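The values are calculated or read from the model by the stated rules, or taken from the named source; none is laboratory data. Only a predicted model underlies this, so the values are computations on that prediction, with no experimental measurement involved. Glycine gets a Cβ as well: all are built from the backbone with ideal geometry, and neighbour counts include every protein chain shown. Heads up: the accessible areas ignore ligands, DNA and RNA and are worked out on the full protein's heavy atoms, side chains in. Shrake-Rupley method; radii C 1.70, N 1.55, O 1.52, S 1.80 Å.
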Amino acid sequence: MLDVARHFMPKEFVKKYIDLLALHKMNTFHWHLTEDQGWRIEIRSRPRLTEMGGSTEVGGGPGGFYTQAEYSEIVRYAQEQYMMVVPEIDMPAHTNAMLLPYPELSCGKRPPAPYTGTEVGFSALCPEKEETYRLVEDVVREIAALTPGPYIHMGGDEVEALTHAQYVGFVERVQDIITRAGKRMVGWEEITKARLLPTTIAQQWKSDSAAAAVQHGAKLILSPASRVYLDMKYDAATELGLNWAGTVDVSDAYGWDPATFMRGVSETDVVGVEAPLWSESIKNLSAAHYLAFPRLPAVAEIGWSPAAARDWENFRVRLAAQAPRWRILGINYYRSPQVPWAPEGAAGR
Ligand code: ACM
């Protein structure tokens, strides 16, 4: 997952990130398109979403958005590398930018105004207003038409301004809308509070709801923040990134097993692992590289190799052997002291 909303990532940036995902055998690109700080995708029936919501970002920079033609170009680019795109429209919270042109649909903790900070949870679409669902329908219809893959991610995380009943009702309505648009819903784990269809997928990031979700028949994507959030700092000295889930060095990203990590969850409940890269602290590709490498290859191996074939001592040597290749590709990677890198300039033959 790449967050292009906290800081806007132009089309060429996204393509270069997709190249690196493909190089490491990632097969799904979860594109986090909307946030409190910016709305990044043209919706033709609702042009004010990008007119008003597209020009802000964390720190007050110029923001930006993708036209539908650019969106389709990136989807095709990913397809050519055998990668499925899963677009995310985060709702009902993380919607401050979506609400700038629709203040009458805001039931958050404060009236919508351009937001360039990094707090979460304060915004919310009004779940009782029918006009809210007309807006969601317009967005989902256009995104579904642009997206060949079977999934639309509705976010659903970190809602602080609604009651439990309001939240559950909203998730179930949006699940209906996405289903009627011919897609399967994905949502962050909070959606497991609602009645989910067997086709819906929950994405675990905190792990506290996994067992209940599985009992309800949901399949899971595992993205435990303490292991695979690529925006966590490597150690206390890392300048980029955040640390609310702790620090995550390469051995943390590699040293867990999706089949046993969460109580009450077995391998058949898990459809995949995913490493999100949130962009509060990321302003350019070099910064994205630094946080993704070398943790991204660790997550790729978790996803593709059975536990019996994974071994940290062996992995860290094979990881070190990738570094000359990364340098030729211009990848700015973190020289983790856990990895036995060869002296630079020594390799390359
Ligand atoms: C999340 O990190 N809020 C899904």
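What the table below lists for this structure:
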read-out	value
Distance histogram in 5 Å bins (all Cα pairs of the range 22-111, percent per bin)	3, 14, 21, 21, 17, 12, 8, 3, 1, 0
Over the range 235-349: Rg over Rh, Cα atoms, Kirkwood Rh	0.98
Cβ charges +1 (Lys, Arg) and -1 (Asp, Glu), total dipole of the chain, debye	700 debye
Dipole axis of the range 80-131 (+1 Lys, Arg; -1 Asp, Glu on Cβ), positive-most option in 125, 112, 97	112
Among 40, 295, 310, residue whose mean-square fluctuation peaks in a GNM of the chain (springs only between Cα atoms under 10 Å)	310
Over the chain: helical MRE at 222 nm, DSSP H runs n ≥ 4 each giving -39500 (n - 2.57), nearest 500	-9500 deg cm²/dmol
Percent antiparallel among DSSP beta bridges (both partners in the chain, rounded to 5)	10 percent
10 Å Cβ shell holding at most 16 others, DSSP loop, chymotrypsin sites (Phe, Trp or Tyr not before Pro): longest site-free stretch of the chain	83-243
Selection of trypsin sites (Lys or Arg not before Pro), the range 99-199, meeting DSSP coil and at most 15 other Cβ within 10 Å	109, 129, 195
Mean Cβ count within 10 Å, highest first, over the residues of peptides 18-24, 32-38	32-38, 18-24
Carbon and sulfur %, accessible surface of the chain computed with the full protein complex present, 1.4 Å	53 percent
Kirkwood-based Rg to Rh ratio, the range 73-212, C-alpha trace	0.97
Unit Cα scatterers, Debye sum, the chain: log10 I(q)/I(0) for q = 0.06, 0.09, 0.12, 0.16 Å⁻¹	-0.21, -0.47, -0.85, -1.51
Local electrostatic count, residue 179, Cβ distance below 13 Å [Lys/Arg +1, Asp/Glu -1]	+3
Lys, Arg +1 and Asp, Glu -1 on Cβ, resulting dipole of the range 13-146 about Cα centre, debye, nearest 20	180 debye
q = 0.15, 0.25, 0.27, 0.30 Å⁻¹: log10 I(q)/I(0) that the Debye formula gives for the range 173-234, counting C-alpha atoms only	-0.47, -0.97, -1.07, -1.23
Cβ charges +1 (Lys, Arg) and -1 (Asp, Glu), total dipole of the range 221-297, debye	100 debye
Enclosed volume per residue, in Å³, of the convex hull spanned by Cα atoms of the range 113-185	113 Å³
Around residue 217: net Lys/Arg minus Asp/Glu count, Cβ-Cβ under 14 Å	+2
Distant alpha-carbon pairs in the range 1-156 (separation over 25 angstrom), percent	25 percent
Bins of 5 Å from zero: percent of alpha-carbon pairs in the range 179-308	2, 11, 20, 20, 17, 14, 10, 5, 1, 0
